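To start, the structure under review is shown below, and the notes come after it.
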Amino acid sequence: MAQVAAPLMRASFGTRDFEEARAVLAGAYGDHVPILHGEPDRFAFTTTVVQAGGLGLDSLHYGGLIENRFVLREDTLLVGLMRAGSLSYDDGSYQHVLATDELYWVRPDRPQQQLTEDVRFDFARLDLSALTRVAAEMSDLEPHQVRFHSRARGRARAERVRYWDATRRWIAEHVLADDALADEPLVRGEAFRSLALATVLAVPNTALDRLVDPVAPVPAAPEPATVRRAVAYIEEHAAEDIGLADVAAAARVTPRGLQAAFRRHRDQTPLEYLRRVRLDAAHRELEGADPTRGDTVAAIAARWGFAHPGRFSVYYRQTFGGSPGDTLRR
């Protein structure tokens, strides 16, 4: 039996009410925790949306100076170009200030801290399952082996960004703008596939890695969402007084279930991973410390939860191959 395509949806919305805009954004993209800075009169929000099944094309203006903690919905890859304004973000492993017409993508497995001012964006929202199937077909990988990298792993090449932008514009202006065309399932499917192909070529990912280097190692199976959520929570809250119960609650699983998942997928416990994250943070702090200013190994260790200096030194030497005191004196 032929599958009935989801109805085409178009919408435009504008408001100067900050809470109303927050609710609209959360419904479309995921959890938002925005804070408006500066004069409230500067704030304005407008958006136009076209949704055709697993493909959404949005244009968005977010006026004013806004700090935002953002977590994307797990079933979506968000890709876009900033047309005006400024955006800086930190995803816990990488910080970046976006340039105009630079490709921006958000993975669904890592929270972001953003600061935006008077931004205008053209976005595409792509169903992640369908997108990974397209990428797998291109690269001879299995869909579960397709992963989109963070910006720390590379940036999009300029000619591929232009191709992605041209593909999105064509679909927006000539395919989804025509009701008769957009209602045809085959046309809609080809539109999704065209933008998916452009996205796989533009956004760094494991399928593109395989296309560039056919003998590159095949990625392992991805970690389950519970482990990813736990890892993100640990990395974000490592400086706070957290324990197994807190991490399990953030991962939406029982402590015992989280322990089992970490053992199976990481061969360690969640608290061992927390200790490693804190060791890394202490190591970075020691590298930037100055003993002539009164910085000490004991104080830095204590700041990261290591109350026993001798035990901290043992962990440190096992991990980094030297003593914390040597790192401090360099």
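Every number here is computed from the coordinates shown, using simple stated rules; none is lab data. Source: prediction; values computed, not measured. Using ideal geometry, Cβ is built from the backbone for each residue, glycine included, and neighbour counts are taken over all protein chains shown.
Sequentially through the range 49-63, phi angles give Karplus couplings (6.51, -1.76, 1.60; θ = phi - 60°) of 10, 10, 10, 10, x, x, 10, x, 10, 10, 10, 9, 10, 10, x Hz, Gly and Pro residues having no value and appearing as x.
Taking every C-alpha pair closer than 8 Å and separated by at least 6 residues, the mean separation divided by the residue count of the chain gives a relative contact order of 12 percent.
Stretch Asp75-Asp140 to full length: gain in nm at 0.36 nm per residue minus the Cα-Cα span?
Gain in length upon complete extension: 21.2 nm.
Select from the range 139-181 those trypsin sites (Lys or Arg not before Pro) which occupy a DSSP coil region and have at most 15 other Cβ atoms within 10 Å, ordered by residue number.
Filter output for the range 139-181: Arg155, Arg157.
If you place +1 on the Cβ of every Lys and Arg and -1 on the Cβ of every Asp and Glu, how big does the dipole about the Cα centre of the range 67-173 come out, in debye to the nearest 20?
160 debye
Relative to the dominant Cα principal axis of the chain, helix 309-320 is inclined by about 50°. Projected over all directions and averaged, the alpha-carbon convex hull of the range 225-329 occupies 6.6 nm². Each residue of the range 272-279 was assigned a 3J(HN,Hα) from its phi angle through the Karplus expression (A = 6.51, B = -1.76, C = 1.60, θ = phi - 60°), giving 5, 5, 4, 4, 5, 4, 5, 4 Hz with x at Gly and Pro.
Can you tell me the 0 to 90 degree angle between the C-alpha axis of helix 128-139 and the longest principal axis of the chain, rounded to 10? On a 0 to 90 degree scale, this one is about 90.
Loop-resident GluC sites (Glu not before Pro) (DSSP state other than H, G, I, E or B) in the range 201-305 with no more than 13 further Cβ atoms inside 10 Å of their Cβ: Glu240.
The C-alpha atoms of the chain define a longest principal axis, and helix 185-202 lies at about 40 degrees to it.
The residue list Val49, His283, Val227 was ranked by how far each Cα lies along the charge dipole of the chain toward its positive end, using unit charges on Cβ atoms, and His283 comes out on top. Sequentially through the range 252-266, phi angles give Karplus couplings (6.51, -1.76, 1.60; θ = phi - 60°) of 6, 8, 6, x, 5, x, 5, 4, 5, 5, 5, 4, 5, 9, 10 Hz, Gly and Pro residues having no value and appearing as x.
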